[in-house]
Structures are given as C-alpha cells and as structure tokens.
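Okay, so here's the structure we're looking at.
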Amino acid sequence: MKCLFAANWKMNKSCREASEYPRALETQLKDVPFQIGKDYDVLLAPMSLQLAELGKQIEGKGIGLAAQNSGPGKSGAYTGELSPASIKELGCRWVILGHSERRHVFKEDDLLVLKRAQAAMEEGLNVMLCVGELLQDRKTGSTNQVIEAQLKILTEKKLPPDFAQRLIIAYEPVWAIGTGENATPEQAQEVHAFIRQWFSDKISAQAASQLRILYGGSVKPENAGEIMAEPDVDGLLVGSASLDPSVFAGVIKNGLKSKTVGGK
Ligand code: PGA
C-alpha cells in the first residue's frame, strides 16, 4: 500500500508562508530516494483561502491538496461554508471531514459529517474521515464502541457506490491531538486493526485490504518511525509538526524508513 503523509495546518500560516512551503518541502526531501506521488503520497491541508495559490505552487511536485472541511450540501443557503465543487475547481481532490476540532469545538455530529461526506463525494472529492475517542472513552474501555459509532455513517447507503475507493480513515485519539502525548504504537495498531476488521465485516474484505488508515495525534520526527512500523498504520496525519517544512520532512523520512517503499 502506498503510504501517505498529510499535513493539517489548521488555522495557521499567513498566505505568504503557505505559498512558500511546497518549494521548501521539496528541498528538504531532496535526499529521499523515492518519488512523491509515485512511491508515496503527501497531502497539504491549508486554510481554504490558501488552496488556490497552493494549487499553483504544488504543480509538477506530485503533492496533493486537501481542504479542512467542505459544505453539507452541493450549494445553497449555507453561509460560511465551502462548496465541494469550488474546492475541486481549485485542483484540490481531498477534504478532511469529522476532524476532532470540528466535532468537539464546533459540535459537528455524525449526521452533519455524513451530509458533508455525501456532498463532497457526489461532487467528486475524496474524503479523509477522522475518528477518535476522548480520554474518558479510553479510560472506560469504550474506545472501539466510539470508533464504531463514528464509522457507522459509512453503512447508511448515502454515499456513492465507489465510496470505499475514495476514502481514507484517520484515527486520531482526541487526547493525543496537540498534547504532545501520542498513542503508543501498540495502541495505534490495536485501533487500526479494529477499523480494518470493521471495514472487512461491514463493507468488504477487498475494500478493507486497500483502505489506508492514518494515525494522527502528536506525531513528530522522533515517533514517526515506530508508529509507521505497525502493520496497519499506512500513514500519518500531522498537525503541529507539519508547520515547519524541515520538521515535516523529518516525519516523512523517518516514517518511510519503516515501510517497504517502491519495492525497497
Ligand atoms: P497534532 O494534530 O499533530 O498537532 O497533534 C494532529 C491533527 O489534529 O490532525
């Protein structure tokens, strides 16, 4: 499986800083003997108003773009929202949905996440669906139930028939996001394996074997290698450590060392 490193910049970076990033990242990755887009994937998720400029800056670099959210309908009375078609027009193919900050700070529930996913996929965008438990859920042993409840929107027959091929799941324990306390590789593997099994049972075995499942939550160069060494971790969703291109490149380099890439 092709591994993926995604940078979620959240509400950070000026437009100028954002536009300079792809070139800086490319320079930092010069000594990596693999090709972005061919051997492994890199996705940048800037603030939406930077997507157009970044679309130009990533040209020819193999890097992909993701929006951090998209509207719950194709068009219409949704003040403050972004239409999936316009996102796509800018050359952006991906959208992150159900991020923990959307769920917990902005109180988005599963139904709203499903509406967003439905509109995005119907307009041709691919979806990175984020799931993850609160610390309380982990303490009470209900992690898997919480993840299962968040995945359930995929079984409601609202998404296009080919949705599984256009989906990535990002497992991000809420207690690990921005806290400096990452899940241990074993904890990540346990939940990733649960997600893959759930997919196999509820969607299809084939879709499960092809599904990319990313881990996110306090990923940094120092822990990227050990987390990526787990068999069901196919990539990383990186917040703080993605803001500086040299640090993000460190995450990518250490992560790649743990996987077979391009046959090596
Ligand atoms: P973090 O954020 O790497 O800063 O913990 C990850 C995320 O929210 O996607």
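Each value in this text was obtained by applying a stated rule to the coordinates, not by laboratory testing. Keep in mind that what you see is a predicted model, and the values were worked out from it rather than measured. Cβ coordinates were reconstructed from backbone atoms using ideal geometry, including for glycine residues, and neighbour counts include every protein chain displayed.
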Reported set for segment 226-244 where residues are small (Gly, Ala, Ser), within 16 Å of the ligand (Cβ to nearest atom) and more than 12 Å from the chain's Cα centre (by Cα) is 240, 241, 242
Exception for residue 61 within (1) under 26 Å from residue 27 (Cβ atoms); (2) not in a loop (DSSP other than H, G, I, E, B) falls at (2)
Per the filter on segment 148-204, residues touching an Asp or Glu at 6+ places or on another chain (Cβ under 8 Å), within 16 Å of the ligand (Cβ to nearest atom), more than 25 Å from residue 116 (Cα to Cα) and among the polar types (S, T, N, Q) are none
Given (1) within 16 Å of the ligand (Cβ to nearest atom); (2) buried (at least 18 other Cβ atoms within 10 Å of the Cβ); (3) of a type in the set (D, E, K, R), residue 222 misses just (2)
Apart from one, (1) under 27 Å from residue 92 (Cβ atoms); (2) out of contact with any strand residue (DSSP E or B) (no Cβ under 8 Å at 6 or more places or on another chain); (3) surrounded by 14 or more Cβ atoms within 10 Å (Cβ to Cβ) all hold for residue 198; the odd one out is (1)
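Residue by residue, here is whether (1) of a type in the set (Lys, Arg); (2) loosely packed, with under 15 Cβ neighbours inside 10 Å holds:
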residue	(1), (2)
88	yes, no
104	no, yes
108	no, no
129	no, no
154	no, no
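Residues are listed down the side, and each one gets a yes or a no for (1) assigned to a helix (DSSP H, G or I); (2) not charged (D, E, K, R):
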{"position": "208", "(1), (2)": "yes, yes"}
{"position": "236", "(1), (2)": "no, yes"}
{"position": "241", "(1), (2)": "yes, yes"}
{"position": "249", "(1), (2)": "yes, yes"}
{"position": "253", "(1), (2)": "yes, no"}
Checked segment 96-118 for anything assigned to a strand (DSSP E or B) and away from the ligand (no atom under 14 Å from the Cβ); matches are none
